[in-house]
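Structure first, then comments.
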């Protein structure tokens, strides 16, 4: 596991993104792993949790694949920092929040629009100081996905994630990722 230095970002606990292998999904390669507490008081995290319900089981029990039309991740490199932003079409989030009585729908209008696609909203942003560069497929048309470890409560560390998953206390969502511009991370 690479040691990463979390970066403080507004309204976010920085120690929720790691660069590490996640044995249940990618045992032999490092990748960006984000922990998301779907019971958080933060409405953005809860919205991500709602969208994870759109996942399709893939790769084993508790592992879900999200379609890029539902949720995507964007990598961006700035100097020694790697950031990951989770993005979703505003219409998809609105559809999934329709009829909810927990007030979550009230927060949708306050979400920032994606600078590259104003029909999408930025749900979550994490950064870390790291030399990690997400891999590209041999054809160059796909980027290494981001893994979201969805759990209920608490603040598990990187050493707890696999055990939490294996005990059934978490699921994993595989989220397609992109780089801005010509696919260059940065």
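Computed from the Cα positions only, the extents of segment 86-138 along the three principal axes stand at 43, 24, 19 Å, in decreasing order.
At a Förster distance of 35 Å, what's the computed FRET efficiency of residue 160 paired with residue 101, Cβ-Cβ distance as r, to 0.05?
0.60
For the chain, the relative contact order is 29 percent, taking Cα pairs closer than 8 Å that sit 6 or more residues apart in sequence and dividing their mean separation by the residue count. A full extension of the chain between residue 39 and residue 91 corresponds to an added length of 16.4 nm, given 0.36 nm per residue minus the alpha carbon distance. Could you list the residues of segment 18-48 with an amide nitrogen less than 17 Å from a label point located 7 Å from the Cα of residue 152 in the Cα-to-C-beta direction? The answer is 36-42, 46-48. Over the chain, DSSP H runs of length four or greater, each weighted -39,500 (n - 2.57), average out per residue to a 222 nm ellipticity of -4000 deg cm²/dmol. Using 0.36 nm per residue and subtracting the Cα-Cα separation, the extra length available between residue 113 and residue 142 on full extension is 8.1 nm. A Förster radius of 22 Å, combined with the Cβ-Cβ distance separating residue 57 from residue 167, puts the computed FRET efficiency at roughly 0.75. Computed extension length for residue 81-residue 69: 1.6 nm, one decimal, from 0.36 nm per residue of separation with the Cα-Cα distance subtracted.
Here, each number is a calculation from the coordinates, and none is a lab measurement. Computed from a predicted structure; not experimentally measured. Don't worry about glycine lacking a Cβ; one is built from the backbone with ideal geometry, like all the others, and counts go over all protein chains shown.
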